[in-house]
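Engineer: So that we are looking at the same thing, I have put the structure below in structure tokens.
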């Protein structure tokens with residue numbers, strides 16, 4: 001198995017079921033840590049628009065709620081699911097995790113360690129930090145929270161990654 005790929009990680013759905021990120025093989029992924037009570041929370045709507053723009057492609061958004069910044073994700077499980085349904089979320093939202101510090105989820109420890117992922121070192125500084133993953137499961141870029149998901153910078157990079165052969 002490719003140790004520099006996100007496919008080696010298991011993640012937990014909101015209902016408690018565990019799946020492997022390998023379920024998303026050959027897809028371009030945007031992985032983002034989210035929060036329901038943040039100044040950037042309107043980006044949920046931007047993520048919905050981005051997903052719709054690439055609806056019939058091999059693009060997927062994976063959202064990971066986190067309470068690491070200012071206690072801005074107080075919701076749990078079914079309450080997160082209800083909030084996301086109310087926001088019209090059209091992409092998978094997973095169980096709440098830690099995204100920084102010694103108790104960060106292994107996926108986010110991977111993002112923070114260039115030796116492990118082979119590309120970059122990036123630790124979220126706030127909610128809605130985004131990581132772009134290519135079809136091989138490799139981290140290709142990251143975007144700070146102030147970069148909207150619908151920005152041309154992100155859209156063009158997604159288009160480029162989607163145009164590469166599977």
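The values are calculated or read from the model by the stated rules, or taken from the named source; none is laboratory data. Bear in mind the structure is a predicted one, so any value in this text is a computation, not a measurement. Note that we place each Cβ from the backbone using ideal geometry, even for glycine, and neighbour counts take in every protein chain shown.
Engineer: Which helices (runs of 4 or more DSSP H) does the range 43-153 wholly contain that include 1 or more residues that are in contact with a helix residue (DSSP H, G or I) (Cβ under 7 Å, 6 or more places away or on another chain) and modelled with pLDDT under 95?
Structural biologist: 114-117
Engineer: Quick one: would you say residue 151 is within 18 Å of residue 62 (Cβ to Cβ) and free of Cβ contacts under 8 Å to residues at least 60 places away in the same chain? So that I can check it myself, show each step before the final result.
Structural biologist: Numbers: within 18 Å of residue 62 (Cβ to Cβ): no; free of Cβ contacts under 8 Å to residues at least 60 places away in the same chain: yes.
Against the criterion (within 18 Å of residue 62 (Cβ to Cβ) and free of Cβ contacts under 8 Å to residues at least 60 places away in the same chain), residue 151 does not qualify.
Engineer: Please state which one of 54, 40 is closer than 25 Å to residue 151 by Cα, crowded, with 17+ Cβ neighbours inside 10 Å, within 15 Å of the chain's Cα centre (by Cα) and touching a residue at least 40 places away in the same chain (Cβ under 8 Å).
Structural biologist: Numbers: 54 fails: within 15 Å of the chain's Cα centre (by Cα).
Checking each option against the conditions leaves just 40.
Engineer: Does any residue of the range 61-80 turn out to be surrounded by fewer than 17 Cβ atoms within 10 Å (Cβ to Cβ) and within 25 Å of residue 163 (Cα to Cα)? First the steps, then the outcome.
Structural biologist: Of the residues in the range 61-80, the ones surrounded by fewer than 17 Cβ atoms within 10 Å (Cβ to Cβ) are 70-71, 74, 76-79.
Still in the running and within 25 Å of residue 163 (Cα to Cα): none.
No: the range 61-80 contains no residue that is surrounded by fewer than 17 Cβ atoms within 10 Å (Cβ to Cβ) and within 25 Å of residue 163 (Cα to Cα).
Engineer: Restrict the check to the range 22-29 and report whether at least one residue is within 17 Å of residue 124 (Cβ to Cβ), assigned to a loop (DSSP other than H, G, I, E, B) and touching a residue at least 40 places away in the same chain (Cβ under 8 Å). First the steps, then the outcome.
Structural biologist: First, pick out the residues of the range 22-29 that are within 17 Å of residue 124 (Cβ to Cβ): 29.
Subset that is assigned to a loop (DSSP other than H, G, I, E, B): none.
No: zero hits.
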